Every structure is written in C-alpha cells, then in structure tokens.
Amino acid sequence: MKNLYQIILYQPLFKLLIFFYQHFYDLGLAIIFLTILVRLVLLPFFYKSSKDQAIIQKISPKIKEIQKNHKDDLNAQTQAMLALYKEHKVNPLSSILLLIVQLPILIALYQVFLKGIPKIVAKPLFLGLIDLTKPNIVIIVVAAVLTFWQAKVSLPKDAKNKTAAMSLMPLMTPIWIIIVLCFLPSAIGLYILVSTLFSIIQQIIINKSFAFQENLSRAKDKK
C-alpha cells in the first residue's frame, strides 16, 4: 500500500514540483503552479460539490417540510428525502466524496513540501525573500484573510447577513489557519493561500453560473 501511494501520488507530485522549479528557478512559483495544476485536476469534484450544495440550499424548504411531515417515521422520512434528491439529481454526500478524494492528495503534497524541498534546492526562497522552510507572517495573514473571504463567498445569498450577525463560523477557519501555519513551513502556507484564492475565484464563477441558470429558468417559466 505504501509503495502504491508513493507511485501514484508522492512521486508524480514531487517530479512535477521539480519540473516547475527547473522552468521558473523559484520554489515559490513552482509551488504556485503545482497548486493550480492540482486544483484544475480536482475541479470536477469541487464543481459537483458546490452544485449539489446550492441545490440542497434551494430545496431546503421542501426538506424541512418532509422532516416535519415524517418526524415520527424515520424510514418514511428517509425514503421521501431520497426521492427528493433523486428528483433534483443531487448527491447529499458529494462534499464527503470531495474530502475523500482530496485528503490523500493533501497528505502527499504536505510530505512533498516537508521532505522533498531540501532535495530540490539549497536555498528554498520565494521571490528571493521568503524562506519557504520557515513560517512567514505575511503568508499566514494573507492566507487567513483569503480563508475568511472564501467563507463569505461560499455562504448562500439569503444567509450572509444572518450568518455574519449570529455566528462566528466565518472566523473559525481563519483563526485555525493562523494557529496551524505558525508551526508549519511557509511552503504549506503558500499552498493553502493559492488554493484558497483558486477556490474563491471558482466559487464566484459557479455562483454566477447558478444565478444565470436560475434567471434563464425563470424566464422560460414566464413564457
């Protein structure tokens, strides 16, 4: 199993990092391009998860109605929920599938950054200034700010104000990011920063796509 993991994940990612470094002669830029490549590969899974979450949010009144009507019959409630999900072609477990697919890749990337960097270059610098083997306050702060922005962008439109006023959820992940990155090499922080920025741009595009499709559907219904 360990050899399979090395062959399928660790070695290809490590070789890609070397490839990008040999072309840009900057470890930070190599990490940025490797991160973008990984996110492009995972894009179909992220899109499916975001799409399903948006649909679930849209049909949430029907979900609550089913839970209310079948509160005393769990089996009937489950069957009604499954029928609703099937009707709208949504998989409520898509976010879990995304996590399952993403986790081994994240572990491999972290190992590449932690163990592989010393094998690539003697001075692991980003733009000739930031030592990627040590924590960096600039990368930590930017990563935390982008994580907060991502949480805001990911919230449904009708829940943004309510969540900001009544919940600290958008703040929890950035705080966790700050604490964790204070003890990790900034190579990992740079990966999180770029990956989060990619997620924000991706979510904005997906939100606009969903809004366009919804407006188009409403226009057809009016006709």
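Using Cβ point charges alone (K and R +1, D and E -1), the dipole size of region 2-222 about the Cα centre works out to roughly 300 debye. As a calculated quantity, the FRET efficiency between ASN69 and LEU97 at R0 = 25 Å, using C-beta atoms, amounts to about 0.30. Take the Cα of VAL141, step 7 Å toward its Cβ, do the same at LYS15, and the gap between the two points is 4.1 nm. Using a cut-off of 19 Å between Cα atoms, the listed pairs LYS62/LYS89; LYS15/LYS115; LYS15/LYS48; LYS51/LYS152; LYS64/LYS208 include LYS15/LYS48; LYS64/LYS208 as exceeding that distance. Protection proxy ranking of 53-65, 19-31, by the mean of other Cβ atoms within 10 Å over each peptide's residues and highest first, is 19-31, 53-65.
No lab work stands behind these numbers, since they all come straight from the coordinates. Predicted model only: the values in this text are computed from it and were never measured. Quick reminder, even Gly has a Cβ in these numbers, built from the backbone with ideal geometry, and neighbours come from all protein chains shown.
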